Amino acid sequence: MIDTHVFQDKTAVYYTLGCKLNFSETSTIGRMLREAGVRTARKGERADICVVNTCSVTEVADKKCRQAIHRLVKQHPGAFVVVTGCYAQLKPDTVAAIDGVDVVLGAEQKKDLLLYLGDLQKREHGETFTTPLKDIRSFAPSCSRGDRTRFFLKVQDGCDYFCSYCTIPFARGRSRNGTIASLVEQARAAAAEGGKEIVLTGVNIGDFGKSTGETFYDLVQALDEVEGIERYRISSIEPNLLTEEIIAFVARSKRFMPHFHIPLQAGCDEVLKLMRRRYDTALFAAKVKRIKELMPDAFIGVDVIVGTRGETEEYFRQAYDFIRGLDVTQLHVFSYSERPGTQALKIAHVVSPEEKHRRSQLLLELSDEKTRAFYARHIGKEMPVLMERSKPGTPMHGFTPNYIRVEMPHDDALDNRVVTVKLGAFNEEGTALMTHNEPT
């Protein structure tokens, strides 16, 4: 039994690193603490509790986690510091040794964070509570409102893929998910709170159904029937799991937006084999082609990793040429980071940091070229935009169905409303400036 009296009138700050799933889970932790009587600290106010939700996708991410912890400890002296997330699961002792950290929670423990706060008295040494990878079984539900108007619905967790460069399966455990019935109920609850857009999040969401005998296709069909939700977005889905039936369904769907985020990681078959990915470039190109056949204006974002072990100059050139030929909108470019315990460390060819940077810059320039061309095709078009909350006196922003960011003058009456706008020119940030609008 938790004594919530200890939490009354306490304040907390939350710091999240990494993916949309982490942000969703942090939001759920925040709601849990608020229900126990903890208030979110105001800007500049010293907090009683600091919660850090970490990422460990790269070495840089690990460093940012440590820096964030040090910064919060300094900004909130005497605060009870809780660290959770992927870095906490993978390196609990390292995190616990950081001065000021009180409790380190693994993947299985974060959903029960309140149980580990005790009386909020500082610990002499950081305590760790984690579960071995093979025993991470539970699925912790999370459907949380973001900073603006959209909700993030966690539909799946964990991954069974074990790509050669990736530690996420070691941090998150095996693939598991909630039931379709429970997720539909969470979507209905979001609609009742006034939510109009939901982003489906997870580690490998196309693998949905491993623990319930259902499929991702079944899930999107069920969610499409939830009244009140006007828009869904699929955060990221593996190309081999993005089936023809899913693509066709999104094309005819009432509520799923023509917006895809598909990890490619390498545009060369030899490198994909070294990465232990489950598709080749021909399959990826076919998926992009099919999306564009059914949804010519679809936004397609693509993840690419440069400088992985084994990526020779010739392999990179093949990848660059392949990506240049894809009708995609934007590239999310990452430099390969060596992770302890991964199979990629056994691959002989190592790419220098300078060469990784050069390759990244080439792909970022290609991405800008593709994004500008995508935007240019939409100037002068009228499109519906879901406007997001903003501070008085500041411009409002929102997104078209195909994820073009739009800016317009502030108007409280348009908060969380769909507005039909005519897209004007794009500014340097890649935001479309509307030329006129009409509420719908």
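Quick one: in the stretch 129-143, which of the residues that are touching a helix residue (DSSP H, G or I) at 6+ places or on another chain (Cβ under 6 Å) and either surrounded by fewer than 17 Cβ atoms within 10 Å (Cβ to Cβ) or touching a residue at least 60 places away in the same chain (Cβ under 8 Å) (or both) is nearest to G173 (Cα to Cα)? If we take residues in the stretch 129-143 being touching a helix residue (DSSP H, G or I) at 6+ places or on another chain (Cβ under 6 Å) and either surrounded by fewer than 17 Cβ atoms within 10 Å (Cβ to Cβ) or touching a residue at least 60 places away in the same chain (Cβ under 8 Å) (or both), then A140 is nearest to G173 (Cα to Cα). Within the stretch 352-364, is there a residue that is among the small types (G, A, S), loosely packed, with under 14 Cβ neighbours inside 10 Å, over 25 Å from the mean Cα position of the chain (by Cα) and over 30 Å from G310 (Cα atoms)? Within the stretch 352-364, none of the residues are among the small types (G, A, S), loosely packed, with under 14 Cβ neighbours inside 10 Å, over 25 Å from the mean Cα position of the chain (by Cα) and over 30 Å from G310 (Cα atoms). Under the condition of being under 22 Å from F139 (Cα atoms), crowded, with 19+ Cβ neighbours inside 10 Å and free of Cβ contacts under 8 Å to residues at least 60 places away in the same chain, the residues counted in the stretch 31-52 number 1.
Given the conditions (1) buried (at least 20 other Cβ atoms within 10 Å of the Cβ); (2) without any contact (Cβ under 8 Å) to a residue 12 or more places away in the chain, which single one is not true for E293? Unmet condition: (1).
For the stretch 180-205, give me the residue count where each residue is of a type in the set (D, E, K, R), farther than 11 Å from E227 by Cα and either touching a Leu at 6+ places or on another chain (Cβ under 7 Å) or in a helix (DSSP H, G or I) (or both). Give the steps one after another, and end with the answer.
So the first thing to find is which residues in the stretch 180-205 are of a type in the set (D, E, K, R), and the list is 185, 188, 193, 196-197.
Next, from what is left, pick out any that are farther than 11 Å from E227 by Cα: 185, 193, 197.
Applying the additional criterion that residues be either touching a Leu at 6+ places or on another chain (Cβ under 7 Å) or in a helix (DSSP H, G or I) (or both) yields 185, 197.
Final tally of qualifying residues: 2.
Selection of the stretch 7-17 for residues being farther than 14 Å from A79 by Cβ and either crowded, with 19+ Cβ neighbours inside 10 Å or among the hydroxyl-bearing types (S, T, Y) (or both) yields T16, L17.
The set of residues from the stretch 279-321 being of a type outside the set (A, V, I, L, M, F, W, C) and in contact with a Phe, Trp or Tyr (Cβ under 6 Å, 6 or more places away or on another chain) comprises T281, G307, T308. Every condition in (1) of a type in the set (G, A, S); (2) modelled with pLDDT of 95 or more; (3) within 21 Å of the chain's Cα centre (by Cα); (4) in a loop (DSSP other than H, G, I, E, B) holds for G301 except the one numbered (4). Considering each residue of the stretch 144-161, count those that are over 18 Å from I237 (Cβ atoms), in contact with a helix residue (DSSP H, G or I) (Cβ under 6 Å, 6 or more places away or on another chain) and either in a loop (DSSP other than H, G, I, E, B) or touching a residue at least 60 places away in the same chain (Cβ under 8 Å) (or both), and give that number. Of the residues in the stretch 144-161, 1 are over 18 Å from I237 (Cβ atoms), in contact with a helix residue (DSSP H, G or I) (Cβ under 6 Å, 6 or more places away or on another chain) and either in a loop (DSSP other than H, G, I, E, B) or touching a residue at least 60 places away in the same chain (Cβ under 8 Å) (or both). Comparison of D224, D218 shows that the only residue that is touching a residue at least 12 places away in the same chain (Cβ under 8 Å) and within 24 Å of G158 (Cα to Cα) is D218.
Just one of the listed residues (A107, A79, A97) is of a type in the set (G, A, S) and within 21 Å of the chain's Cα centre (by Cα), namely A107. Taking the criterion of being more than 22 Å from G398 (Cα to Cα) and hydrophobic (A, V, I, L, M, F, W, C), the residues of the stretch 191-225 that qualify are V203, I205, F208, F216, L219, V220, A222, L223.
Restricting the stretch 401-429 to residues that are of a type outside the set (D, E, K, R) and assigned to a helix (DSSP H, G or I) leaves a set whose member that is farthest from R150 (Cα to Cα) is A413.
Looking at the stretch 54-74, can you tell me whether even one residue there is in contact (Cβ under 8 Å) with a residue 40 or more places away in the chain, closer than 24 Å to A36 by Cα and outside any loop (DSSP other than H, G, I, E, B)? Yes, the stretch 54-74 contains at least one residue that is in contact (Cβ under 8 Å) with a residue 40 or more places away in the chain, closer than 24 Å to A36 by Cα and outside any loop (DSSP other than H, G, I, E, B). Quick one: is E124 outside any strand (DSSP E or B), of a type in the set (D, E), surrounded by 15 or more Cβ atoms within 10 Å (Cβ to Cβ) and over 17 Å from the mean Cα position of the chain (by Cα)? Criteria not met by E124.
Can you say whether N240 is under 29 Å from F170 (Cα atoms), polar (S, T, N, Q) and within 17 Å of the chain's Cα centre (by Cα), as far as the supplied structure shows?
So N240 does not fit the description; no.
Quick check on the stretch 329-343. Is at least one of its residues closer than 17 Å to L264 by Cβ and part of a helix (DSSP H, G or I)? Within the stretch 329-343, not a single residue is closer than 17 Å to L264 by Cβ and part of a helix (DSSP H, G or I).
State all residues of the stretch 260-318 that are among the basic types (K, R) and more than 21 Å from F249 (Cβ to Cβ); if no residue qualifies, say none. Answer for the stretch 260-318, where residues must be among the basic types (K, R) and more than 21 Å from F249 (Cβ to Cβ): K273, R276, R277, R278, R309, R317.
The values are calculated or read from the model by the stated rules, or taken from the named source; none is laboratory data. Quick caveat: nothing in here was measured; it's all calculated off a predicted structure. Heads up, the Cβs are rebuilt from the backbone with ideal geometry, glycines too, and the neighbour counts pull from every protein chain shown.
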